[in-house]
1. Could you give the size of the charge dipole of region 39-88 about its Cα centre, using +1 on the Cβ of each K and R and -1 on the Cβ of each D and E, expressed in debye and rounded to the nearest 20?
2. Within region 102-132, which residues have the backbone N less than 14 Å from the label spot 7 Å out from Val157 along Cα→beta-carbon, could you tell me?
3. Ranked from highest to lowest mean number of other Cβ atoms within 10 Å per residue, what is the order of the peptides 64-77, 43-56?
4. Based on Cβ point charges of +1 for Lys and Arg and -1 for Asp and Glu, what charge dipole magnitude is obtained for region 2-159 about its Cα centre, in debye rounded to the nearest 20?
5. For the chain, what does the helix formula give at 222 nm: sum of -39500 (n - 2.57) over DSSP H segments with n ≥ 4, over the residue count, nearest 500 deg cm²/dmol?
6. Where in region 93-131 does the amide nitrogen come within less than 20 Å of the point 7 Å from the Cα of Arg7, taken along Cα to Cβ?
7. Compare the peptides 32-40, 148-156 by average per-residue count of other Cβ atoms within 10 angstrom and give them in order, highest first.
8. Amide H to amide H under 5 Å from Gln32: which residues, 5+ apart in sequence or cross-chain, H placed 1.01 Å off N in plane?
Amino acid sequence: MLIPVTRPGNHDLPSQIVLTVRSENLKSHAGQISLPGGSTEPGDSSLAATALREAEEEIGLPREQVEVIGQLGPMPVPSGFRVTPVVGLIPSGLEFTPCSREVADIFQTPLNLILDPKAYARSSYLFAGARRQTLELCYEDYRIWGATAAILHRLAVLASG
């Protein structure tokens, strides 16, 4: 899973995080907000290589445009997956092309919002018959919640020291 962070552009635009809306056709997490990412394949040499390949496949982000600056460490998520978010810097102004099978939309959220731990709210939902707590963050018409919000909140907490 890649956390793509844009570098400030020539016009002093603030840094952004690139997020996706998953296609309604997918078997898991359909229609939810996510970061580009997916499962490791045999040809992937590392978790960063997986994240870069998946970002290229899902949103057309050329891997050579990403400067990997670190990883957040493995995180188990309620759906049973274990993800290791990789943080990468990308140039501002890149054009993205969604893979229509997986991605319905691509949008960017201001980094200063993502990095504000106080911007996240707690809510609850039912999963597999049990009530669970989750974090959520709203931006424009997007509700970022679940594993994506947990990953971004972890980044916010780490960045705030």
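1. On the way: 3 positive and 8 negative charges, 49 e Å.
For this selection, approximately 240 debye.
2. The answer is 116-122.
3. Numbers: 64-77: 13.5, 43-56: 18.9.
Ranking the peptides 64-77, 43-56 by packing returns 43-56, 64-77.
4. Values: 13 positive and 17 negative charges, 158 e Å.
The calculated dipole for region 2-159 is roughly 760 debye.
5. Details: 3 runs with 31 residues, N = 161.
When only DSSP H runs of four or more count, the value is -5500 deg cm²/dmol.
6. Those under the cut-off are 93-96, 108-112.
7. Working: 32-40: 19.8, 148-156: 21.3.
Packing order, densest peptide first, comes out as 148-156, 32-40.
8. Those lying under 5 Å, H to H, from Gln32 are Arg22.
Bear in mind that the values in this text are calculations on the coordinates, not laboratory data. All of these numbers come straight from a predicted model, not from anything done at the bench. All Cβ positions, even for glycine, are placed from backbone atoms using ideal geometry, and neighbour counts span all protein chains on display.
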